[in-house]
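Here is the structure we will look at, set down as structure tokens.
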Amino acid sequence: LYTAPNLSGDEYIRVTDSIGNIVEAIVTVVSTLTISPADLKLPVFSTAIYSAILGTAPYTYSILSGTGTIDSSTGLLTAPSTTGSSVVQVVDSSLDVDTSVSLTYIKPVEIVSGAYHACVRYNEGSVKCFGDNGNGQLGIGSTADVGDSALEIGGANLFLDHGTGRTAKALSSGD
């Protein structure tokens with residue numbers, strides 16, 4: 001039975017059986033540490049939690065490039081007051097490393113509301129809507145209300161899907 005180490009790289013294995021036969025092999029160990037989320041759009045002044053998947057605890061989080069702050073032990077990231085981007089890194093106790101692919105800080109540029117719902121457009125053209133959705137007015141493909149529980153607020157509220165290569169230029173709202 002062979003147990004691979006937690007570190008990435010090549011391992012050289014040599015096995016000798018009971019009559020003296022020898023077999024050698026090279027095993028390439030691939031890091032399993034993964035940071036989540038890998039991609040994130042986060043409004044300015046907001047927070048998000050990064051987490052490590054697999055790897056070996058404890059984990060250390062840091063901002064590799066860009067702005068914002070992150071708690072090195074919990075992965076709680078606080079967005080700055082300005083738009084921009086960052087790369088977040090996690091390192092485990094075996095010194096395996098993974099980095100986020102894309103973290104973009106966005107800011108609201110337009111807010112519209114109806115009688116019981118509202119939508120926000122961000123500087124790069126994405127939109128989030130929340131509130132009553134009895135007639136599908138939120139544009140999320142269902143009639144489920146959004147934002148009526150703490151689990152649906154902030155980062156948990158998904159961006160609307162405008163289709164590949166499309167962004168919102170302006171918003172309007174009815175009742």
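Points to keep in mind about this one:
- Single unsatisfied condition, residue 141 versus (1) free of Cβ contacts under 8 Å to residues at least 60 places away in the same chain; (2) farther than 22 Å from residue 167 by Cβ; (3) open to solvent by 30 Å² or more (accessible area, probe 1.4 Å): (2)
- Test for residue 32: is it outside any strand (DSSP E or B) and either over 30 Å from residue 124 (Cα atoms) or modelled with pLDDT of 90 or more (or both): yes
- Of the residues in the stretch 149-161, none is of a type in the set (Ser, Thr, Tyr), surrounded by 12 or more Cβ atoms within 10 Å (Cβ to Cβ) and either part of a strand (DSSP E or B) or modelled with pLDDT under 90 (or both).
- Residue check, residue 131 more than 21 Å from the chain's Cα centre (by Cα) and open to solvent by 60 Å² or more (accessible area, probe 1.4 Å): no
- Test result for residue 127, free of Cβ contacts under 8 Å to residues at least 40 places away in the same chain and closer than 30 Å to residue 173 by Cα: no
So that you can scan it fast, the table gives a plain yes or no per residue for (1) at pLDDT below 95; (2) surrounded by 19 or more Cβ atoms within 10 Å (Cβ to Cβ):
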| residue | (1), (2) |
| --- | --- |
| 57 | yes, no |
| 61 | no, yes |
| 71 | no, no |
| 89 | no, no |
| 93 | yes, no |
| 96 | yes, yes |
| 101 | yes, no |
| 105 | no, yes |
| 113 | yes, no |
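- Residue ranges of strands (runs of 3 or more DSSP E) in the stretch 54-110 with at least 2 members in contact (Cβ under 8 Å) with a residue 40 or more places away in the chain: 84-91, 97-99, 102-106
- Any hit, the stretch 19-36, residues being open to solvent by less than 70 Å² (accessible area, probe 1.4 Å), free of Cβ contacts under 8 Å to residues at least 24 places away in the same chain and among the charged types (D, E, K, R): no
The values are calculated or read from the model by the stated rules, or taken from the named source; none is laboratory data. Worth saying up front: this structure is predicted, and the values here are computed from it rather than measured. Positions of Cβ are backbone-derived with ideal geometry, glycine not excepted, and every protein chain shown enters the neighbour counts. The accessibility values were calculated without ligands, DNA or RNA, using every heavy atom of the protein model including side chains. Shrake-Rupley method; radii C 1.70, N 1.55, O 1.52, S 1.80 Å.
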